[in-house]
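Below you'll find the structure, written out as structure tokens, and then a few comments.
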Amino acid sequence: MTGFLLLLSLSLKRARTLLIATGLLLAAFQVLLVLIAGSIQRTGEFEQLAALLPPFVRAILGPAMASVMSFGGIVCLGYFDLAIVIALLALIIALATLPASEVETGFADLILARPLRRHWIITRTIALVLFSILMMLTLMIAGTWAGLATLAPEGAQWPSPGMIGSLALNLGLLMLCWSGIAMAFGAACRRSVAGATTGLLALTALLLDLTGRLWPPAERFAWLSPFRYFIPFDLVMGRALPVENILVLWAIAMSGFTLAYFLFSQRDISH
Amino acid sequence: MNTSALPPAISIRGLTKRYGPLTALNDLNLDVVQGEVLGFLGLNGAGKTTAIRLLLDLLRPSSGRAFIFGHDCWLEGLAARERVGYLPGELGLYPDLTGLEVLDFLGGISRQPVDKRRRQELFDRLELPHSDLRRKLRQYSTGMKRKLGLIQAFQADPPLLILDEPTEGLDPLMQESFYTLLKDAKQRGRTVFMSSHVLSEVERVCDRIALLRKGELVLLSGMEASRRLAPRRVRVFFNEDVRVPPDLPPGHEFVESSPRTWHLNVVGPLGPFLTVLARLPVQDLEVQEARLEDVVLKYYREGAP
């Protein structure tokens, strides 16, 4: 256990600059979103903004368009904006493939030549991923509430804490799910291969989900995509996050972690 | 110390590692006695590092078993590795950490208490001052990293040191310091299992050598016995012209001869040859000590049994 804690603290120490910088940027982005939403709110231009959206975006948003194109919807944009989601997934894939990096650099030789069981490397990585997800979401939520408390115009309808919580939970589970997939690859392959494969899979899954929303024949395959269980537009409309979605994303993550434990225990540590 | 009653520090039985059709290590059998320094020799790709990594459970064997102080390297890996200080051939260190951070971290996960005074002694001997230890590793030279690697292996004073090419990248002065460290470790009863390319180093510090060729152990011998396998170079100078005798004693081979000088390689005792020389007008005789290098090179080149 001491070895695990030392390993975790070393990994956190090494990742702290990246995590703090990313978290603060996300928090600042949330504040900026409140500022933008407040500006639009004051001029009452949400409807004009909605009219500017191309038809395929409207199709993707579906009945959620009115909710998204509102003060609360714009404020919550950070929890499902594609650029933010991709950046967070890239961060989490990088962290989840840490074991592969440690094997390649030879650092794993120094650790595992000592009385430390192999599984602690995976357990440490899971702890690191969980901590990072919690930190990112906490800072995003803090940014949202700080922005609302200081910059929201009077009369603007704030998104409810439940809605923010559901969006954060759904985003966190999506990150956890892809970290499980990346970790399974990272336990058996080189980091570049694991990262690229997970990234390509994520892109394919995202396209599959979007295609399913735009083209009905693709809908019957869309359930295969983890993004199908990431439903921010429904949440912005005030719906609750279904337990099924939580379970599916959780199950993918756990399967990935289990596979990572197995593969890492079996592999040769060679670089 | 009576080492025969103690279990071997390392015991390897039928250890084999295959990568698909390639056999990196084939049926290795080897015992390293407690308290000895064993040099593990072989050309690049001979299987030295593979054997070391198998002992540390970094690689999984295709077949065979290995034990460290009687503990199975895989079934009781933690107990086995608890007694080991390891220096890898290539040190995988993060450049954003300082030397002290690395040593504290690796000392912490070792389960072996690190005596601060001993560590300071290592810093002094290997000339790695605190000002350097507080610097990030990205500012370290190859030699400094190697010193840090040696300190992390020696700092907990483990009963068994497994060192992969320990003097690679060290300057001659630091090599001397390392040899002194090794001598001290041996005096304290520590066992050392080290791979090396530097034959003069092995000759100087090791009690025995194990020679690997293409994954197979081809020689396991004490240093003196190994040297006896090598020919001595003998040069004989005569006062007047002499004829080469038709027969030489067994183990004697002419390398070069002229009417007044003979160059020979001699394996075995020189007595019979001296009997031959007693009848000749010998002016001078030079006998060059057998060198380990000659034995090893012979095994490398000729594939001697």
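Since every read-out is calculated from the coordinates, none of them should be taken as a lab result. Nothing here was measured: the structure is a model prediction, and the numbers come from that model. Heads up, the Cβs are rebuilt from the backbone with ideal geometry, glycines too, and the neighbour counts pull from every protein chain shown.
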* Anyone know which of B:K186, B:K145, B:K116 comes out most mobile in the 10 Å Cα GNM of chain B? -> B:K116
* Structure fact -> Over 27 Å (Cα to Cα) among A:K13/B:K186; B:K145/B:K298; B:K48/B:K145; B:K116/B:K183; B:K116/B:K136 -> A:K13/B:K186; B:K145/B:K298
* About the Cα centre of the protein assembly as shown, what is the dipole size in debye to 20, counting +1 per Lys and Arg Cβ and -1 per Asp and Glu Cβ, all else neutral? -> 520
* Asked: So what's the back-of-envelope 222 nm ellipticity for chain B, counting only DSSP H runs of four-plus at -39500 (n - 2.57) apiece and dividing by all residues, rounded to 500?
  -> -9000 deg cm²/dmol
* To do: Please give, to one decimal in nm, the separation of the simple spin-label points placed at B:R18 and B:R228, each 7 Å out from Cα toward the Cβ.
  => 3.9
* Structure fact -> So for chain B, using the alpha carbon gyration tensor with a ≥ b ≥ c as root eigenvalues (a/c under 1.5 gives rounded; past that, a/b versus b/c decides prolate or oblate), I'd call it prolate
* Structure fact -> FRET efficiency for A:W250 and A:R42 from the Cβ-Cβ distance with R0 = 45 Å, rounded to 0.05, comes out at 0.65
* **Amide N of region B:263-281 lying under 16 Å from the label point, which is placed 7 angstrom from the Cα of B:R235 along Cα→Cβ** => B:263-266
* Hey, how many Å between the Cα centroid of region A:221-265 and the Cα centroid of region B:148-168? -> 47
* Structure fact -> In whole angstrom, the spacing between the Cα centers of region B:232-305 and region A:105-121 equals 54
* Computed E for B:D31/A:D268 - FRET, C-beta separation, R0 30 angstrom, nearest 0.05 -> 0.75
* **Value at 222 nm in deg cm²/dmol, rounded to 500, when DSSP H runs of n ≥ 4 in chain A each add -39,500 (n - 2.57)** => -25500 deg cm²/dmol
* To do: Using a/c under 1.5 as the rounded threshold, could you call region B:1-122 rounded, prolate or oblate? The axes a ≥ b ≥ c are square roots of the C-alpha gyration tensor eigenvalues, and prolate needs a/b larger than b/c, oblate otherwise.
  => oblate
* Please identify which residues in region A:91-128 have an amide N closer than 16 Å to a label point set 7 Å out from the Cα of A:S9, following the Cα→Cβ vector. => A:124, A:128
* To do: Any chance you could run the full-extension gain for B:R188 through B:S257? It's 0.36 nm times the residue separation minus the Cα-Cα distance, nm to one decimal.
  => 19.8 nm
* Kindly work out what percent of the DSSP beta bridges joining two residues of the protein assembly as shown are antiparallel, to the nearest 5. => 70
* So for the pair B:S63, A:L52, with labels modelled 7 Å out along Cα→Cβ, what separation do we get in nm? -> 7.3
* Restricting attention to region A:181-271, which trypsin sites (Lys or Arg not before Pro) occupy a DSSP loop and are surrounded by at most 15 other Cβ atoms within 10 Å? -> A:R239
* Asked: Which net charge results for the neighbourhood of B:H252, defined as the other residues with beta-carbon distances under 14 angstrom from its beta-carbon, given Lys and Arg at +1 and Asp and Glu at -1?
  -> 0
* Asked: Which of these, B:P246, B:P281, B:P88, has the largest mean-square fluctuation under a Gaussian network model of chain B (Cα springs below 10 Å)?
  -> B:P246
* Structure fact -> Percent antiparallel among DSSP beta bridges confined to chain B, nearest 5, equals 70
* May I ask you to derive the FRET efficiency for A:L203 and A:L134 from their Cβ-Cβ distance with R0 = 35 Å, giving the value to the nearest 0.05? => 0.85
* Rounded to the nearest 10 degrees, what's the angle between the helix A:2-43 long axis and the longest principal axis of chain A, both from Cα atoms, 0 to 90? => 10
* Charge tally in the Cβ shell below 14 Å around B:G70, where Lys, Arg are +1 and Asp, Glu are -1, B:G70 excluded -> 0
* Asked: Where does the charge balance sit around B:T49 when Lys and Arg score +1, Asp and Glu -1, over other residues with C-beta under 10 Å from its C-beta?
  -> -1
* To do: For region A:124-217, report the translational diffusion coefficient in µm²/s to the nearest whole number, using Stokes-Einstein at 20 °C, 1.002 mPa s, and a Kirkwood Rh over Cα pairs.
  => 135
* Contour excess over end-to-end distance, with Cα ends at A:R16 and A:A59 and 0.36 nm allotted per residue -> 11.5 nm
* Structure fact -> Across B:G107, B:G149, B:G268, the residue with the highest GNM fluctuation in chain B (Cα network, 10 Å cutoff) is B:G268
* Peptides ranked, highest mean first, by Cβ atoms within 10 Å: ranges A:122-131, B:228-237 -> A:122-131, B:228-237
* To do: Rank by packing, highest mean first: peptides B:255-266, B:158-169, B:50-61, with packing defined as the count of other Cβ atoms within 10 Å averaged across residues.
  => B:50-61, B:158-169, B:255-266
* Taking the simple approach of a point 7 Å from Cα along Cα-to-Cβ for both A:E219 and A:T258, what is their distance in nm? -> 3.2
* Can you give the average number of partner chain beta-carbon atoms within 10 Å of each beta-carbon in peptide B:84-97, as a whole number? -> 4
